């Protein structure tokens, strides 16, 4: 039984660094890739993973990250197209079992889906939360019984 | 028993228009406020609510939206400070029972919380989804029993 996963994260912005810090803290093996070295400043002092400065759309960089060994791959850059590309490469060429990409434009979500890439759209997720708030308001007001 | 809620939404961008369309579709009474009339183009043809072109930081605009009658208030503009301000006004001056604001900067979330404004941070929510994906991967791989 193996409790620690090998997780590669592309993009060390607000989302990527948050995930890297959280997942490192609970004992997973993390590699973070970003072309801008300064973004690594957002990694916490106790981050125990690896940092790779490089362009993740380059195969050499992904090989350096030992992508073949990865259990999970996250594409979290601010470019929807970059995320789509690297996510597809991770899935199809490196056979990473679990691949997730952030997508800002919800209209692209369907296309990504057809290309076999699982996505998370922050706007759509936020909308869901707001809608849940409406549902909970109604429940709290006793207007709806479930 | 009243099934339809009166919901005021400030900001008709991607998030605001999505919420307006969804909530109007299921029968709620919606008012959308945005200073840019063009944003209303994102409302669907069957949107049956009201549109107000105006600056929601002006009391006159909020009064025009009959905020006193509102059950729910959403602040979804792209400005964290605008969202904070109008959300506070809705809660404290108009006594809207359920107020929610979008906040992009998670570092502001705590401050908002102290000011009594409930917030949703899309980045934090997306991070939560990614972390859930890791948990589900482990569960699917049989590495964790719960």
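For the reader, a short list of remarks on this structure follows.
- Between helix A:122-140 and chain A: long-axis angle, C-alpha atoms, 0 to 90°, nearest 10: 30
- Here the alpha carbons of the protein assembly as shown define both size measures, Rg and Dmax, at 21.3, 63 Å.
- Nearest-ten-degree value, helix B:14-25 long axis tilted from longest Cα axis of chain B: 80
- Residues B:115, A:15, B:43, sorted so that the one with the fewest Cβ neighbours within 10 Å comes first: B:115, B:43, A:15
- Contact order, relative form, for chain A: 18 percent (alpha carbon pairs under 8 Å, 6 or more residues apart, mean separation divided by residue count).
- Distances, shortest first, from the label point of residue A:38 to those at the same position in the other copies read 3.1 nm; the point lies 7 Å along Cα to C-beta.
- Structure-based [θ]222 nm, chain B - -39500 (n - 2.57) summed over DSSP H runs of at least 4, per residue, nearest 500: -12500 deg cm²/dmol
- Here the alpha carbons of the stretch A:6-145 define both size measures, Rg and Dmax, at 17.1, 59 Å.
- For residue A:131, inter-copy label distances in nm, listed shortest first [label point 7 Å out on the Cα-Cβ vector]: 2.4
- For the stretch A:1-60, average projected area of the Cα convex hull in nm²: 4.3
- The rotation axis that maps chain B onto chain A passes nearest to the beta carbon of this chain B residue, listed with its distance in whole angstrom: B:122, 2.
A short reminder: the numbers here are calculations on the coordinates, not readings from a lab. Since the structure is predicted, the reported quantities are computational estimates derived from the model, not experimental observations. Cβ sites come from the backbone with ideal geometry, for glycine too, and all protein chains shown count toward neighbours.
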